[in-house]
Amino acid sequence: MSFAATSEQRQTLMWLALGLLLVGLLVLLGPVLTPFLAAGILAYVLNPGVDWLAQRGPGRARLPRTLAVILVMSLLFATMLALVLIVIPVLQKELPLMREQVPQLLSTLDQKLAPLLAKLGVTARLDVDGIKILLTEQIAHAGQGLWTSLLSSVRIGGLALLGWLATLLLVPVVLFYLLLDWHAVLARLADSVPRRWAVRTLAFGREVDALLAQYLRGQLLVMLVLAVYYSVGLALAGLDVALPVGILTGLLVFIPYVGFGIGLVLALLAALLQFGPLQGLVAVGIVYGLGQVLEGFILTPRLVGERIGLHPLVVIFALLAFGQLFGFVGVLLALPASAVLSVAARHMHHHYQASSFYTRLER
């Protein structure tokens, strides 16, 4: 009897050691896993659409799953291409505006700051003419400099460039096969769980799925609504780059705090270049202040819910930690992974409070 118990304990220790080695290997292979993580996140979000087309389709006629995957992926890439075609031309128009407005803004700033500094005994003035010449030269040759730097990067770091291209090409390939075999992959994962843990593991998986579904799909709706709101709000404020800045701000909402900060900085910069200090700050402040109220008190509670319940410090730490491990995709993965860990921590906390280690009193 003791031999059987010892054998079972050895098997448990062996599988735990293999599991820890696997986790360590995944951490070391973080950059290599980037396309697989990105494809996995996209597959989880897009799979309900594929299932709907495969089960019903147009006119409730069943479609082959392969065709459903192709249709969903085509819609995704068409949306991404449309965003690129919207944003890039407008930004190209803003380069001449920046060349004209930045020197004027600096001259106004110099005229207001110089008297204040003089009262403090500090004599300093900005070389506005020199800055204007520098900006004119840099922006005029921006295209040439860009191509030069690209060619230099190809010569110096050709392997790194090929690695990025391979990653970009690998994401749609992995996404296609994941969507095609999604249910089979999940079934294999479920079959690999030890039978004594199967019921609890499946229950845990269903709880995590419900949490992630509420977060990810709700977050997509929040991003869409905010992209429309910021685009319309900045357009009503008279901002020339309202459409690209509004779309970018709405899409960057999925990165908590960081996304809003980047969007606000872009909008403030564009407003300062176009309107000047006071009017630009007031217009952008009103639009983004109302946007925060709309997101925090209406959209997020109704569309996403508060089931994740992560503290802001936990969110910031998760963004930094997952970004360090997996790069940009780690930033995308931070909140969903934190939600999974929060479910696991909640289960562990309940188990801890029910254990004799916690409830036993000292005699």
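The values are calculated or read from the model by the stated rules, or taken from the named source; none is laboratory data. Given the structure is predicted, the values throughout are model-derived calculations rather than measurements. Virtual Cβ from ideal backbone geometry, glycine too; neighbours counted across all protein chains shown.
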Among residues of the range 156-182, those that are surrounded by 12 or more Cβ atoms within 10 Å (Cβ to Cβ), among the β-branched types (Val, Ile, Thr) and at pLDDT below 80, counted: 1
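Let's see how each residue does on (1) touching a Phe, Trp or Tyr at 6+ places or on another chain (Cβ under 6 Å); (2) exposed (fewer than 14 other Cβ atoms within 10 Å of the Cβ); (3) closer than 25 Å to Leu335 by Cβ; (4) of a type in the set (A, V, I, L, M, F, W, C):
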site: Ser231; (1), (2), (3), (4): no, no, yes, no
site: Asp240; (1), (2), (3), (4): no, no, no, no
site: Leu251; (1), (2), (3), (4): no, no, yes, yes
site: Leu268; (1), (2), (3), (4): no, no, no, yes
site: Ile298; (1), (2), (3), (4): no, yes, yes, yes
Subset of the range 183-208 (residues that are part of a helix (DSSP H, G or I) and either small (Gly, Ala, Ser) or surrounded by 14 or more Cβ atoms within 10 Å (Cβ to Cβ) (or both)): Ala184, Val185, Ala187, Ala190, Ala198, Thr201, Ala203, Phe204, Gly205, Glu207, Val208
Verdict on Leu224 being modelled with pLDDT of 85 or more, assigned to a helix (DSSP H, G or I) and either within 26 Å of the chain's Cα centre (by Cα) or of a type in the set (A, V, I, L, M) (or both): yes
Test: Leu83 is in a helix (DSSP H, G or I), modelled with pLDDT of 70 or more and surrounded by 13 or more Cβ atoms within 10 Å (Cβ to Cβ): yes
Count of residues meeting criterion [at pLDDT 70 or above, under 24 Å from Leu221 (Cβ atoms) and among the small types (Gly, Ala, Ser)] in the range 295-329: 2
Test set (1) farther than 25 Å from Leu212 by Cα; (2) at pLDDT 80 or above - Asn47 fails condition number: (1)
For Asp240: the one exception among (1) in a helix (DSSP H, G or I); (2) over 21 Å from Ile298 (Cα atoms); (3) of a type outside the set (Phe, Trp, Tyr): (1)
Cβ-Cβ under 6 Å pairs, at least 6 apart or on other chains, the range 210-223 side farther than 16 Å from Val340 by Cα, far side surrounded by 14 or more Cβ atoms within 10 Å (Cβ to Cβ) and modelled with pLDDT of 75 or more: Val222/Leu299; Met223/Gly250; Met223/Leu251; Met223/Val253
